[in-house]
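The values are calculated or read from the model by the stated rules, or taken from the named source; none is laboratory data. What you see is a predicted model, and the numbers here were worked out from it, not measured in a lab. A quick note on method: Cβ atoms are made from the backbone with ideal geometry, for glycine too, and the neighbour counts reach across all protein chains shown. We work out accessible area using only protein heavy atoms, side chains counted, and drop any ligands, DNA or RNA first. Shrake-Rupley method; radii C 1.70, N 1.55, O 1.52, S 1.80 Å.
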Amino acid sequence: MIRPLGFVLLLGARALLAAEAMPVAGPLPGGLPGGVAISPQNHIVALDEGPQTHAYRLQNLGIEPVRLKVRVAGFELAEDFSMRLRERDEQGLVERTIINPVELEIPPGESRTVRFSIRPEAMPPEGEYRLAMVFEQLPTEKPDEPPVAGAHGLVLRMRFQILSAIYATVGSLSRRARLLEVALAPEGVRTRIRNEGEAHVRPKGRLILEPLSAGAAAVEGSLSGLPVLPGETRWVPHALPQGARLSPGRYRLRLEGTLGDAPLAGVYELEWAPDEGAGTGARTGGR
């Protein structure tokens with residue numbers, strides 16, 4: 001997850017919110033000054049398998065150096081699937097996480113590795129625990145640095161923050177879930193999922209949405225893989241590819257994939273009627 005951190009300075013057109021802007025004169029320099037790719041997107045760490053070291057790989061896709069500070073926090077999952085940070089966690093795993101390095105600079109076009117290890121003082125009870133690795137950009141410019149030569153208009157500057165979920169587990173946890181309902185929305189498909197297991201689950205696989213009107217082409221997309229935490233029931237969105245949007249009418253939806261430890265497969269007939277909200281459909285077949 002990448003999000004803006006606040007009204008602080010970062011040169012670039014990738015600003016997600018209107019931030020502090022300074023007037024400059026002349027054309028804007030070409031190229032994106034900053035962009036960071038992170039791999040993997042999240043980690044699952046088995047605490048009861050002994051001390052382990054895990055790693056993130058960060059690559060600077062921009063044309064300017066990027067400086068980052070790294071820390072760990074607890075998190076909660078908001079209704080819109082955004083991560084809400086908490087400085088502490090109930091089991092004290094935040095304080096027992098070792099990070100190396102805690103600050104780094106990545107030159108343009110290069111990559112760097114950040115390693116971490118969770119060393120609990122005492123093993124927590126069986127279950128799943130959530131941490132967030134937080135990568136915060138540090139300023140690389142001097143406060144009195146002059147405006148960009150030859151530019152005109154406004155240059156937006158803001159700092160970004162990258163969040164990555166770490167799921168720390170103890171014991172052999174079940175990933176059981178039920179698909180309760182499916183529905184259509186203008187931008188795609190929604191699935192209502194109840195997590196009845198002991199660890200988070202993600203719907204993974206593909207969807208095929210076929211208009212029942214003659215001559216209309218089917219659309220194929222991927223399930224979003226967004227997490228549903230233990231004990232939660234959530235509507236999970238799955239966007240159509242390349243910004244496609246639905247037209248009013250009836251559709252046949254096929255789901256193929258997995259939900260937690262179980263297969264996810266079914267065929268549903270749905271109707272999308274924008275005046276009446278999302279169309280909810282009944283299952284007509286499955287495998």
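State which residue is nearest to residue 174 (Cα to Cα) when the search covers only the range 239-261 and only residues that are touching a Lys or Arg at 6+ places or on another chain (Cβ under 7 Å) and open to solvent by less than 50 Å² (accessible area, probe 1.4 Å).
Step one: filter the range 239-261 for residues touching a Lys or Arg at 6+ places or on another chain (Cβ under 7 Å), giving 256-258, 260-261.
Next cut, open to solvent by less than 50 Å² (accessible area, probe 1.4 Å) only: 256-257, 260.
On the way: 256: 21, 257: 18, 260: 8 Å.
The qualifying residue nearest to residue 174 (Cα to Cα) is 260.
Would you mind stating whether residue 212 is touching a residue at least 12 places away in the same chain (Cβ under 8 Å), crowded, with 18+ Cβ neighbours inside 10 Å and among the aliphatic types (A, V, I, L, M)? I'd like the intermediate steps shown before the answer.
On the way: touching a residue at least 12 places away in the same chain (Cβ under 8 Å): yes; crowded, with 18+ Cβ neighbours inside 10 Å: no; among the aliphatic types (A, V, I, L, M): yes.
It is false that residue 212 is touching a residue at least 12 places away in the same chain (Cβ under 8 Å), crowded, with 18+ Cβ neighbours inside 10 Å and among the aliphatic types (A, V, I, L, M).
Here's a check for you: in the range 118-140, which residue that is in contact with a strand residue (DSSP E or B) (Cβ under 9 Å, 6 or more places away or on another chain) and more than 21 Å from residue 199 (Cβ to Cβ) is most open to solvent (accessible area, probe 1.4 Å)? Give the derivation first.
So the first thing to find is which residues in the range 118-140 are in contact with a strand residue (DSSP E or B) (Cβ under 9 Å, 6 or more places away or on another chain), and the list is 118-120, 123-140.
Narrowing the set further to residues that are more than 21 Å from residue 199 (Cβ to Cβ) leaves 119, 134-140.
Numbers: 119: 99, 134: 0, 135: 0, 136: 25, 137: 10, 138: 32, 139: 79, 140: 74 Å².
Selected residue: 119.
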*Test residue 64 against the criterion of being in contact (Cβ under 8 Å) with a residue 60 or more places away in the chain, part of a loop (DSSP other than H, G, I, E, B) and either within 25 Å of residue 232 (Cα to Cα) or open to solvent by 50 Å² or more (accessible area, probe 1.4 Å) (or both), and give yes or no.*
yes
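Which of the residues belonging to the range 211-269 are more than 24 Å from residue 127 (Cβ to Cβ) and touching a His at 6+ places or on another chain (Cβ under 6 Å)?
Answer for the range 211-269, where residues must be more than 24 Å from residue 127 (Cβ to Cβ) and touching a His at 6+ places or on another chain (Cβ under 6 Å): 223, 224.
So which residues in the range 85-95 are of a type in the set (Asp, Glu) and either surrounded by fewer than 19 Cβ atoms within 10 Å (Cβ to Cβ) or assigned to a strand (DSSP E or B) (or both), if there are any at all?
Here is the first cut: in the range 85-95, the ones of a type in the set (Asp, Glu) are 87, 89-90, 95.
Matches in the range 85-95: 87, 90, 95.
May I ask you to say which residue of 215, 225 is part of a loop (DSSP other than H, G, I, E, B), more than 17 Å from residue 272 (Cβ to Cβ) and modelled with pLDDT of 90 or more?
Numbers: 215 fails: modelled with pLDDT of 90 or more.
When all the criteria are applied, what remains is 225.
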*Keeping to the range 182-211, report how many residues are closer than 26 Å to residue 248 by Cβ, small (Gly, Ala, Ser) and touching a Leu at 6+ places or on another chain (Cβ under 6 Å).*
1
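Can you confirm whether the range 141-159 contains a residue that is under 20 Å from the mean Cα position of the chain (by Cα), in a strand (DSSP E or B) and either surrounded by 14 or more Cβ atoms within 10 Å (Cβ to Cβ) or at pLDDT 95 or above (or both)? Spell out the reasoning first.
Taking the range 141-159 first, the residues under 20 Å from the mean Cα position of the chain (by Cα) are 159.
Filter once more, keeping what is in a strand (DSSP E or B): 159.
If we keep only those that are either surrounded by 14 or more Cβ atoms within 10 Å (Cβ to Cβ) or at pLDDT 95 or above (or both) too, we end up with 159.
Checked against the condition, which is being under 20 Å from the mean Cα position of the chain (by Cα), in a strand (DSSP E or B) and either surrounded by 14 or more Cβ atoms within 10 Å (Cβ to Cβ) or at pLDDT 95 or above (or both), the range 141-159 yields at least one hit.
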*Can you find a residue in the range 73-84 that is open to solvent by 30 Å² or more (accessible area, probe 1.4 Å), in a strand (DSSP E or B) and either more than 30 Å from residue 172 (Cβ to Cβ) or charged (D, E, K, R) (or both)?*
yes
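What number of residues within the range 228-287 are farther than 17 Å from residue 185 by Cβ, at pLDDT 85 or above and of a type in the set (Gly, Ala, Ser)?
Just the residues of the range 228-287 that are farther than 17 Å from residue 185 by Cβ, to begin with: 228-233, 254, 256-267, 282-287.
Then keep just the ones that are at pLDDT 85 or above; that gives 228-233, 254, 256-267.
Right, trim to of a type in the set (Gly, Ala, Ser) and you get 231, 257, 260, 262, 265-266.
Residues flagged as farther than 17 Å from residue 185 by Cβ, at pLDDT 85 or above and of a type in the set (Gly, Ala, Ser) within the range 228-287 amount to 6.
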*Among the numbered criteria (1) modelled with pLDDT under 95; (2) within 15 Å of residue 135 (Cβ to Cβ); (3) among the small types (Gly, Ala, Ser), which single criterion is violated by residue 111?*
(1)
*Please determine, by comparing only the residues of the range 180-195 that are open to solvent by 10 Å² or more (accessible area, probe 1.4 Å) and in contact with a strand residue (DSSP E or B) (Cβ under 6 Å, 6 or more places away or on another chain), which one is nearest to residue 240 (Cα to Cα).*
187
